[in-house]
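Here is the structure we will look at, set down as structure tokens.
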Amino acid sequence: MTTWDGFHAFVTTPVAAPPPPGAPPRSLEERLAYHSRFVTVRTPAIDALAKNVRTLMILGRHQTVTARPSLIVTGPAGAGKTTALLQVGRACHLAHTRRHGPTATAGQAPVAYVLVPPAASAKTLATEFARYLGIPVTAGMSQAQITNSVCHTYTAAGVQLVMIDEIHRLNPRTTTGAQSADLIKDLTERIGATFVYAGIDVTTTPLFTGVRGAQLAGRASLIDCTAFPSRLGHEEPFRDLITAMEGALDLRHHRPGTLPKLAPYLHERTAGRIGSLARLIRQAAITALTDGTERITKTTLDAIRLDHLAEQHYRPHNPPRNRRTSTP
């Protein structure tokens, strides 16, 4: 995904979709593969990010003097930040291809996706940007040389949207973190693209501290990608999310409505995190396929171990009591 070839394969691969009504039954292997990939449910975070990215790309299209305004997607782990980022990147790439045609866009890379490495220095981060487009980097190259090559190649490739994930790894309080922050500022001013960042709870990290943090905060808008509440006024967004996921299942004996009825239990199991919920339902579906039951029940869900964050949050109301052993 963090190379152009990988990202291009992602955006051009047809998305997973449930079988249309009347379609012939899919084989077991096909359905196992489908539930492994599964659908991506359109969430409020994806909608908000898509709308804001589209607006900012138009806003900055003819801005040449200073860096374009940017966005930061923030929220807890497992809340769907990376998924939202990639879905918007996919939509941007496909829209660009539809607008200009596949022949005109050959050799272009409208979207870039880069991960901030752990303890990233400016040079290692610049190298990640280079790696995405396959720009040759030799051991003897300086950071400035790599940066110049990146800016030239990204401009020539027509990059319009740069997505930087794991931005919370940057710490402008450290020397290397400050240099990395300076590099990103330099790139935003030299590459004619809209920059979108994603990171875990960035407002609680040192990212916005100091002069460099203030510069980023002054240019970036925040989009919160939080856990789903069980209730929001008269609405039940978490139950709606479960309903959408259940509707995408391809299980022959599953009873519609089973999972929405378990919404309070599922919210406790996952803390409302879409990442944990998607994993739970996907894993339960694969279990139902492999054991032949072809349906998901609470018993199926109870038997599945989730990520540690979700398991730490979940506390069953009636934990099993240890049986007392009588002594003769």
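A 1.4 Å probe over all protein chains sorts 189, 311 by accessible area into 189, 311, starting with the largest.
In this structure, the pairs whose alpha-carbon distance is over 21 Å, taken from 51/81; 51/261; 81/123, are 51/261; 81/123. Counting heavy atoms of the protein chains alone, residue 286 has an accessible area of about 60 Å² for a 1.4 Å probe. At full extension, residue 59 and residue 33 could sit 5.3 nm farther apart than now, given 0.36 nm per residue minus the alpha carbon distance. For the stretch 208-243 versus the stretch 256-303, the spacing of their alpha-carbon centroids is 25 Å. Put a plus charge on the Cβ of each Lys and Arg, a minus charge on the Cβ of each Asp and Glu, and nothing anywhere else: the dipole of the stretch 173-282 about its Cα centre is then about 280 debye. Beyond 17 Å, the tail of the calculated P(r) for the stretch 157-280 holds 67 percent of the Cα pairs. Per residue, the accessible area of the chain comes to 53 Å², computed with a 1.4 Å probe over protein heavy atoms only. Only protein atoms count toward the accessible area here, which uses a 1.4 Å probe; on the stretch 148-207, the carbon and sulfur part of that area reaches 47 percent. Here the stretch 76-139 has 63 percent of its accessible surface on carbon and sulfur atoms, given a 1.4 Å probe and all protein chains in place. In this structure residue 51 has an accessible area near 130 Å², from a 1.4 Å probe over the protein heavy atoms. Each other residue within a Cβ distance under 14 Å of residue 61 adds +1 if Lys or Arg and -1 if Asp or Glu, for a net charge of +3. Evaluated with a Cβ-only charge set (Lys, Arg +1; Asp, Glu -1), the chain carries a dipole of roughly 440 debye about its Cα centre, given to the nearest 20.
Taking Lys and Arg as +1 and Asp and Glu as -1, the other residues whose beta-carbon sits under 9 Å from that of residue 253 total +2. Taking the Cα atoms of the stretch 118-220, the ratio Rg/Rh between the radius of gyration and the Kirkwood radius comes to 0.95.
Carbon and sulfur atoms: what percent of the 1.4 Å accessible area of the stretch 236-309 do they account for? Using a 1.4 Å probe with all protein chains present, the stretch 236-309 comes out at 52 percent carbon and sulfur.
The average projected area of the stretch 82-159, computed from the convex hull of its Cα atoms over all directions, is 5.8 nm².
Seen from residue 149, the other residues with C-beta closer than 12 Å to its C-beta sum to a net charge of +2, counting Lys and Arg as +1 and Asp and Glu as -1. For the pair residue 2 and residue 203, the difference between a 0.36 nm per residue extended length and the Cα-Cα distance amounts to 69.8 nm. Mean projection of the Cα convex hull over all viewing directions, computed for the chain: 24.0 nm².
Using just its DSSP H runs of length 4 or more, each adding -39500 (n - 2.57), the chain gives a mean residue ellipticity at 222 nm of -14500 deg cm²/dmol after division by all residues.
Multiplying the residue separation of residue 302 and residue 252 by 0.36 nm and removing their Cα-Cα distance gives an extension gain of 15.9 nm.
The values are calculated or read from the model by the stated rules, or taken from the named source; none is laboratory data. Worth saying up front: this structure is predicted, and the values here are computed from it rather than measured. Positions of Cβ are backbone-derived with ideal geometry, glycine not excepted, and every protein chain shown enters the neighbour counts. Areas reflect the complete protein model, heavy atoms only, side chains present, ligands, DNA and RNA absent. Shrake-Rupley method; radii C 1.70, N 1.55, O 1.52, S 1.80 Å.
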